[in-house]
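Below is one structure, written out as structure tokens; the observations come after it.
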Amino acid sequence: MNKSFGWLIVIIVIILLGWWLWGQKAPEGSMGEVVVSFTDETAQIENVSEIRMTVDKVELYSETKGWVEIDSSDVEYELLALKASGESHVYATAEVAADAYSRAKVTLKQAIVEEVDGSMEAATLVATEIEMPASTRVEEGSTASVHLDVLADQSLHVTTEGEYVFAPVIAVETRSGADVTVASNGVVSLSGGVVDTNTTFGTDIDGSVKANFRLDANTKIELDSDVLQIMGAPDASTNVDANIDTTIDVDGALDGSVNRAIDGQVEGGVDGAVDGLLDY
């Protein structure tokens, strides 16, 4: 009798433990929502009237799913217009597996600089893929936000010969369980939730991405035979042939609207300075 009672207790404990462990992970196949958005909080840049940055793809990474594509549509953001409006615009809203995501990757297509005289020039990208250790958790039936603030004035530089170089500096804020509203014009309103990541990442001349980093505004950069190099630092160089898009879509560049918005918010703040071009 006592033995039977003891086994009953053991069975009950095992059942309760299994039920508790099952509750700690999202059921297989459960889904949540991710919203990616971009904005820009920049300072004025002397002689530059607009920077048109085209995003090609945004992905999130989880240990169980690998890289998960949120969207791969080309979306152009007019960074200085975003700054003037004070708005964040959606890139994409996607249903993804409920899971913990540890990294975010933004793929850029091009950055076109328009000067005050109307002339336009394609900036050399030090990297087309910006991979950042920005974590967030997507819960079943809830919304996670990836908000990207591109700091244009800290990202834009000029070489010793006057060519533009774009080394992205991005302030990333991710939230799980957030309240996100996307208006019909793509403007994103964000509140609530738990802030999982709140870090600024900068791209070095060799394309590497570092936390709390930006190229100094006084850095002397040379572009020689498609190789970017910091004068006096011969090892800090990168071949940028694959990062230069010499074709400029003038019709797209003259379109004064943000073509689409990124769900999860990327603030395109522009706080730094471009040597000889940035007005602090």
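Quick note: the coordinates plus some simple rules give every number you see, no bench work behind them. Note that this is a predicted model, so its numbers are computed, not measured. Because the Cβ atoms are built from the backbone with ideal geometry, glycine has one as well, and the counts that use them run over all protein chains shown.
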Exposure proxy order (Cβ contacts within 10 Å, fewest to most) of Leu108, Leu148, Leu223 = Leu223, Leu108, Leu148
Environment charge of Ser176, counting only residues whose C-beta is closer than 10 Å and scoring Lys/Arg +1, Asp/Glu -1 | 0
So for the range 185-230, using the alpha carbon gyration tensor with a ≥ b ≥ c as root eigenvalues (a/c under 1.5 gives rounded; past that, a/b versus b/c decides prolate or oblate), I'd call it prolate
Would you grab the residues whose amide H sits under 5 Å from the one on Ser88? Only those 5+ places off in sequence or on another chain, please, with H modelled 1.01 Å from N.
-> Val188
Ranked list, fewest to most other Cβ atoms within 10 Å of each Cβ, for Asp40, Asp204, Asp149, Asp224 | Asp224, Asp204, Asp149, Asp40
